[in-house]
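To keep things clear, I will list the structure first and then write my remarks on it.
The values are calculated or read from the model by the stated rules, or taken from the named source; none is laboratory data. Model, not experiment: these values are computed from the prediction. Virtual Cβ from ideal backbone geometry, glycine too; neighbours counted across all protein chains shown. Side chains included, ligands, DNA and RNA excluded: accessible areas come from the protein's heavy atoms. Shrake-Rupley method; radii C 1.70, N 1.55, O 1.52, S 1.80 Å.
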Amino acid sequence: EEHKPEAEIQDQHLTRLHEATAAAAQWFNYLLLNNPQAQVARQHLAKRAITAKTIEAFQLGYSPDDWHALENTLKNKGFTREEMIDAGLLVQRDDGNVFDRFRNRLMIPIHDGRGKPIGFGARALKDGDEPKYLNSPQTALFDKSRTLYALHAARNAMREQKVAVIVEGYMDAIAAHQWGFANVVASLGTALTETQFRTLQKLAPKIVLALDPDTA
């Protein structure tokens, strides 16, 4: 089929959203490693025995306790406010004002199956900050009902071992990979969907659920 101009514009926009999300992930990771304010996040990871190698492998990061830090950083890199909103990085109020979606949180980039960052899971670091885990909203890049966390890192191991293991949370998946269980992915706080199962069926004939034993 002829490639229509509208489709090309849409492709270019999606590319920009990928680039904005990747730039945010890179900046959050830099802050985690270098910013004094990120000490609370570093302590949280140390308490969970997450190593420097794992932090690098999953590009874990820190979002500062600031309403406009990410917006200003990405603006300086040439991204527009509209692109940041469409990527789920900024929230726009009804009155038109915008602010950073993620503040004072441990940032966990979510990648698509090819390893491109498409969104974030963000864990609260201060008592009383709700929700405990805040996901990116649904965007043109990110649909949590179709996404499995750490799939890009687990794909080869699933094919080799012919088993896919699903855990409940980001940190469960990260810890599993750190300790050598590379065929593990996490659901994103939702009911498991047919799309997620179909994705795994292409990689492994056996699927194991290793979920938390609570009512939810």
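How large, in percent, is the carbon and sulfur part of the accessible surface of the stretch 48-207 at a probe radius of 1.4 Å?
Carbon and sulfur together cover 46 percent of it.
Determine the percent antiparallel among the DSSP beta bridges restricted to the chain, to the nearest 5.
Restricted to the chain, the bridges split so that about 70 percent are antiparallel.
Amide H of HIS68 versus every other amide H placed in the peptide plane: which residues, excluding those fewer than 5 positions away on the same chain, fall under 5 Å?
It is ASP100, by chain and number.
Kindly rank 80-86, 59-65 from highest to lowest mean number of other beta carbons found within 10 Å of each residue.
Most protected by this proxy first, the peptides run 59-65, 80-86.
Enumerate the amide H contacts of ILE110 below 5 Å, restricted to partners 5 or more residues apart or on another chain; note that Pro and chain-start residues carry no placed amide H.
Those qualifying (amide H under 5 Å, at least 5 residues apart or on another chain) are ILE118, GLY119, PHE120, GLY121.
Quick check: Cα centre of the stretch 89-142 to Cα centre of the stretch 155-216, how many Å?
Each part reduced to its Cα centre gives a spacing of 22 Å.
Using only Cα atoms, figure out Rg for the stretch 112-172 and give it as a multiple of 2.2 N^0.38 Å.
Normalised Rg, Cα atoms only: 1.31.
Using only alpha carbon pairs under 8 Å that are at least six residues apart, calculate the relative contact order of the chain and give it in whole percent.
Relative CO of the chain lands at 17 percent.
What GluC sites (Glu not before Pro) in the stretch 1-56 are in a loop by DSSP, with at most 15 other Cβ atoms within 10 Å of the Cβ?
GLU1, GLU2
Relative contact order of the stretch 69-164, please, whole-number percent, based on alpha carbon pairs below 8 angstrom and at least 6 residues apart.
So the answer I get is 21 percent.
Using the Karplus equation 6.51 cos²θ - 1.76 cosθ + 1.60 (θ = phi - 60°), what ³J(HN,Hα) coupling, rounded to whole Hz, does each residue of the stretch 131-142 give in order, writing x for Gly and Pro?
For the stretch 131-142, the Karplus-derived couplings read x, 4, 10, 10, 8, 4, x, 5, 9, 4, 8, 10 Hz, x marking Gly and Pro.
Using Cα pairs closer than 8 Å and at least 6 residues apart in sequence, work out the relative contact order for the stretch 26-79, in percent.
This gives 46 percent for the stretch 26-79.
For the stretch 75-162, report the accessible area per residue in Å² (1.4 Å probe, heavy atoms, rounded to an integer).
51 Å²
For mean projected area of the Cα convex hull in nm², the listed values are [x] 11.0; [y] 22.2; [z] 14.3; which was obtained by calculation from the structure presented?
[z]
Report, for the stretch 74-123, the % of DSSP beta bridges that are antiparallel, rounded to 5.
100 percent
Between ALA52, ALA173, ALA157, find the one with the highest GNM mean-square fluctuation for the chain; connect C-alpha pairs within less than 10 Å.
Of ALA52, ALA173, ALA157, the Gaussian network model singles out ALA52 as fluctuating most.
Under 10 Å, Cα contacts only: if you run a Gaussian network model on the chain, which one of TYR170, TYR149, TYR30 comes out with the highest mean-square fluctuation?
Greatest mean-square fluctuation among the candidates belongs to TYR30.
For the stretch 3-66, build the convex hull from the C-alpha positions and give me its volume per residue in Å³.
About 95 Å³ per residue, rounded to a whole number.
What size of dipole, in debye to the nearest 20, comes out for the stretch 54-122 about its Cα centre when the only charges are +1 on Lys and Arg C-beta atoms and -1 on Asp and Glu C-beta atoms?
Approximately 180 debye in magnitude.
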